[in-house]
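Report on one structure; see the data block that follows.
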Amino acid sequence: MSDSTSVTLPEPDVEHGGRPRRRRRGDVSGVNWWLTALLIVLSLTIFVPLYFTVVTALKTPPQLGGTGFSLPSEWSWGNFAEAWRLTDYPRAALNSAVITVGAVVLTLLTNSMVSYAIARNMRRRLFKGLFYYFITALFIPFPIIMLPAAKLTATLGLDNQAGMILLYTVYGLSFNVFLYTAYIASIPHELEEAARMDGASTWGVFWKVIFPLLAPINATVGILTCVWAWNDFLLPVIIISDPGGATIPLVQYVFQAQFSADFTLAFASYLMAMAPLLIVYLFAQRWVISGVTRGAIK
């Protein structure tokens, strides 16, 4: 019995070994429109607050009525100069920079060494126990140790910038060990063995072989520590006792009164505080992304 109905077979794709080429549902010119729409929506969650911040910083207090998203009728660029004066921005920025740079440098030097020792001795019970000890510390809420830390630093005379640097280094150790050990585990042991055959000690192997290879994950840990130390408010407010050592988040509290707040000057100050971190991230973003992806895949 013959069937007169004609059937059109898919044309073979010469570029893929003659196999029929299948078109995905909803695939037009290779663009995933669902994923593109999702990315646009997620981008708006960042763009909308940023737009609101910029617009508010350029308004005068009488222009803050309504939804707040309208453009200012008169651009008040003087808000930045006034916020600069009220917060004594150069001194506050210098205090924040000293703490941030010190915390980043000390974190990279110490946390990487601790992680290297754990990663290369994970088969031993002691080092495996230390690894899980650090991971467990991630689940301890900061308010539980907040008051003991404030009391201890005041007793030891570390209620200053040096104490802040040490606290950021110690409190970031748990998460940084988690990142570093995964990354170091992906580095071949043959590189270390070759260095040892040339007469290098364990100290020499780390600084001459391992540490240079940690550049991507160092950028990741560095930028995370930088953002944390620069933007943190809670730790400086309970540790720093000298008003002259106040960081940018602390001096920005001058815009908050008991019954009112000067939002125009406050948002101008927020933008000035964001600028240094944006510059740092623009230079380090490719190392941050590569460090996270390589540390996640062995």
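The values are calculated or read from the model by the stated rules, or taken from the named source; none is laboratory data. The model shown is predicted, which means the values in this text are computed figures rather than measured ones. FYI the Cβ positions are ideal-geometry reconstructions off the backbone, even for glycines, and counts take in every protein chain you see.
In this entry, Ile145 passes the filter for residues that are modelled with pLDDT under 90, out of contact with any Cys (no Cβ under 6 Å at 6 or more places or on another chain) and closer than 25 Å to Ile239 by Cβ. Of the residues making up region 138-172, those that are small (Gly, Ala, Ser) and part of a helix (DSSP H, G or I) are Ala149, Ala150, Ala154, Ala162, Gly163. Scan region 118-137 for residues that are surrounded by 14 or more Cβ atoms within 10 Å (Cβ to Cβ) and in a helix (DSSP H, G or I) and jot them down. If the condition is that a residue be surrounded by 14 or more Cβ atoms within 10 Å (Cβ to Cβ) and in a helix (DSSP H, G or I), then Ile118, Ala119, Phe127, Leu130, Phe131, Phe134, Ile135, Ala137 are the ones that fit.
Among residues of region 209-222 that are in the same structural domain as Glu190 (by TED's automatic domain parsing), those with a Cβ under 7 angstrom from a residue that is surrounded by fewer than 20 Cβ atoms within 10 Å (Cβ to Cβ) and of a type in the set (Lys, Arg), sequence gap 6+ or separate chain, pair up as Pro216/Arg294. Could you list, in sequence order, all residues of region 80-97 that are farther than 15 Å from Pro243 by Cβ and of a type in the set (D, E, K, R)? Once the filter is applied, which keeps residues that are farther than 15 Å from Pro243 by Cβ and of a type in the set (D, E, K, R), region 80-97 yields Glu82, Arg85.
Output yes when any residue across region 76-86 is touching a Ser or Thr at 6+ places or on another chain (Cβ under 8 Å), of a type in the set (A, V, I, L, M, F, W, C) and over 23 Å from Leu250 (Cα atoms), and no when none is. Checked against the condition, which is being touching a Ser or Thr at 6+ places or on another chain (Cβ under 8 Å), of a type in the set (A, V, I, L, M, F, W, C) and over 23 Å from Leu250 (Cα atoms), region 76-86 yields no hits at all. Under 16 Å from Tyr171 (Cβ atoms) and out of contact with any strand residue (DSSP E or B) (no Cβ under 7 Å at 6 or more places or on another chain): is that true of Thr87 in this structure? Criteria not met by Thr87. Out of Leu86, Leu130, Leu106, Leu71, which single residue is touching a residue at least 12 places away in the same chain (Cβ under 8 Å) and under 17 Å from Ile217 (Cβ atoms)? From the options Leu86, Leu130, Leu106, Leu71, the qualifying one is Leu106. Just give me the residues in region 52-66 being under 31 Å from the mean Cα position of the chain (by Cα) and either in a loop (DSSP other than H, G, I, E, B) or farther than 10 Å from Phe267 by Cα (or both), in sequence order. Answer for region 52-66, where residues must be under 31 Å from the mean Cα position of the chain (by Cα) and either in a loop (DSSP other than H, G, I, E, B) or farther than 10 Å from Phe267 by Cα (or both): Leu58, Lys59. Applying the set (1) modelled with pLDDT of 90 or more; (2) more than 28 Å from Ala149 (Cβ to Cβ); (3) hydrophobic (A, V, I, L, M, F, W, C) to Leu235 leaves exactly one unmet item: (2).
Contact annotation: residue pairs with Cβ atoms under 8 Å, 6 or more positions apart or on different chains, pairing a residue in region 141-162 that is touching a residue at least 40 places away in the same chain (Cβ under 8 Å) and within 20 Å of Ile99 (Cα to Cα) with a partner that is surrounded by 10 or more Cβ atoms within 10 Å (Cβ to Cβ) and hydroxyl-bearing (Ser, Thr, Tyr), are Phe142/Tyr171; Ala154/Ser241; Asp159/Thr153; Asp159/Ser241; Asn160/Ser241. Answer with yes or no whether Pro62 is outside the structural domain of Leu278 (by TED's automatic domain parsing), closer than 21 Å to Phe255 by Cα and at pLDDT below 85. Considered against the rule, which asks whether it is outside the structural domain of Leu278 (by TED's automatic domain parsing), closer than 21 Å to Phe255 by Cα and at pLDDT below 85, Pro62 comes out as yes.
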